[in-house]
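Notes follow the structure.
The values are calculated or read from the model by the stated rules, or taken from the named source; none is laboratory data. Quick caveat: nothing in here was measured; it's all calculated off a predicted structure. Here the Cβ is made from the backbone with ideal geometry for all residues, glycine too, and neighbour counts use every protein chain on show. To get the accessible areas, we keep the full protein, side chains included, count just its heavy atoms, and leave off ligands, DNA and RNA. Shrake-Rupley method; radii C 1.70, N 1.55, O 1.52, S 1.80 Å.
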Amino acid sequence: MSVIDRLLDTHPTEELVEELAELRIRNLLCFEELEAFNDTGKFVFKHPLVQQYSLHATLTDLLRNDPDKFLKEYRNTANNVSRYQSYLKTKPASEKNKEKWEAQLKKHQDRAFIMTEILEKNGK
């Protein structure tokens, strides 16, 4: 952030301002996570990295304890990815619905990626 601050002082651009804002938001989320953990011993799961690692741990435990349920979840996730891809390709939609479908597609794609990663790691 300090490098970007110095660049903004000499050569400000929209990209640098945007990057600085995104870094600031990430830093605030990190601080909030750490403060909550320090105060309560629990994370608030707002930062994307904490959310991802929490989901990864949950899904890894599910695979260890109930592989059939994990595989059902994996199949459901793959079906959800297909469904939202289909919605975006074929259905006429308002901008609001399109944004919702894109968000759901991204969520399910991320989940499928994590599940595939877990399966590959445990298959070796």
Only residues in segment 99-124 that are within 11 Å of GLU73 (Cβ to Cβ) count as the first member; pair them with residues that are of a type in the set (Asp, Glu) and assigned to a helix (DSSP H, G or I), Cβ under 9 angstrom, at least 6 apart or cross-chain, and list the lot. ARG111/GLU73; MET115/GLU73
Picking from LYS107, LYS100, the residue that is assigned to a helix (DSSP H, G or I), modelled with pLDDT of 90 or more and farther than 29 Å from ASP66 by Cα would be LYS100
Search result, residues across segment 1-25 that are modelled with pLDDT of 80 or more and among the basic types (Lys, Arg): ARG24
I'd like the full set of residues that are open to solvent by 80 Å² or more (accessible area, probe 1.4 Å) and touching a Pro at 6+ places or on another chain (Cβ under 9 Å), limited to segment 9-29. ARG26
I'd like the full set of residues that are farther than 23 Å from HIS56 by Cα and of a type in the set (D, E, K, R), limited to segment 84-110. LYS89, LYS91, GLU95, LYS96, LYS98, GLU99, LYS100
Selected residue [at pLDDT 90 or above and of a type in the set (A, V, I, L, M, F, W, C)] from ALA93, ALA57, ALA112, ALA36: ALA112
